[in-house]
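One structure is given below, encoded as structure tokens.
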Amino acid sequence: MTLRGKAWKFGDNISTDHIAPGRLFHLRSNLQEFAKHVLEDADENFASSMNKGDFVVAGNNFGLGSSREHAPQIIKIAGVSAVLAKSFARIFYRNAINIGLLLIECDTDRIDAQDELEIDIKQGIIKNLTKNETIEITPLPDVMIKLLNEGGLIEHLKKHGDFDLV
């Protein structure tokens, strides 16, 4: 599983309100429309400028705040391949796994905005093609890769009806 895209850099403490602006909560029943506004309170140009397959790259505590399950959903719907951060808020992390959004905890200090990245999930390597550098990450266990490939925990349960992930 190899992903390639451009880095969109954000700082620490990006909240679910930055991701899914509360003033647009009326769009929660239209996630396709809501996704057109993803992260606009952190970068007003992100949703209109990013390309499918690009990466959100952030610092510490990405996704803090309310348990707004729409936040990881609209990131995924917008076409983001993965979110790379130094750490994630616990509830955001669980919601992302449930819907199949790839989250990678890693040192993001050496990644700058617009760097071209290639991520090999199985090998646990992020190649910064712009800087010709490699960042090692913990390879994802097979169970996580299986969940992601099936679209997340919810889709896995719909398909299999149980927790048999082996």
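Here the average projected area of the convex hull drawn through the C-alpha atoms of the stretch 14-95 stands at 4.6 nm².
The convex hull built on the alpha-carbon positions of the stretch 80-166 has an orientation-averaged projected area of 5.9 nm².
Computed packing ranks the peptides 11-21, 48-58 as 11-21, 48-58, most packed first, by mean other Cβ atoms within 10 Å. Put +1 on the Cβ of each Lys and Arg and -1 on the Cβ of each Asp and Glu in the chain; which of GLY59, LEU147, ASN132 then has its Cα farthest toward the positive end of the dipole? In the chain, that residue is LEU147. Summing Lys and Arg as +1 and Asp and Glu as -1 over all other residues whose Cβ lies under 15 Å from the Cβ of ILE111 gives a net charge of -4. Between GLN114 and GLU155, the modelled labels are 3.3 nm apart [label points 7 Å from Cα along Cα→Cβ].
When the alpha carbon coordinates of the stretch 9-52 are projected onto the principal axes, the ranges are 28, 23, 14 Å, largest first. Here the stretch 90-166 and the stretch 38-52 have alpha carbon centers that stand 21 Å from each other. Remark: for residue pairs LYS6/LYS122; LYS131/LYS158; LYS36/LYS158; LYS127/LYS159; LYS6/LYS158, the C-alpha separation exceeds 31 Å in LYS131/LYS158; LYS127/LYS159; LYS6/LYS158. Each listed q (0.15 Å⁻¹) maps to a log10 I(q)/I(0) for the chain from the Debye sum over equal C-alpha point scatterers, namely -0.78.
Quick check on the chain: of the DSSP beta bridges with both residues there, what percent are antiparallel, nearest 5%? Write down the numbers at each step before the final one.
Numbers: 13 of 25 bridges.
So the antiparallel bridges in the chain amount to around 50 percent.
A short reminder: the numbers here are calculations on the coordinates, not readings from a lab. What you are looking at is a predicted structure, and each value in this text was computed from that prediction instead of being measured. All Cβ positions, glycine included, derive from the backbone under ideal geometry; neighbour counts span all protein chains shown.
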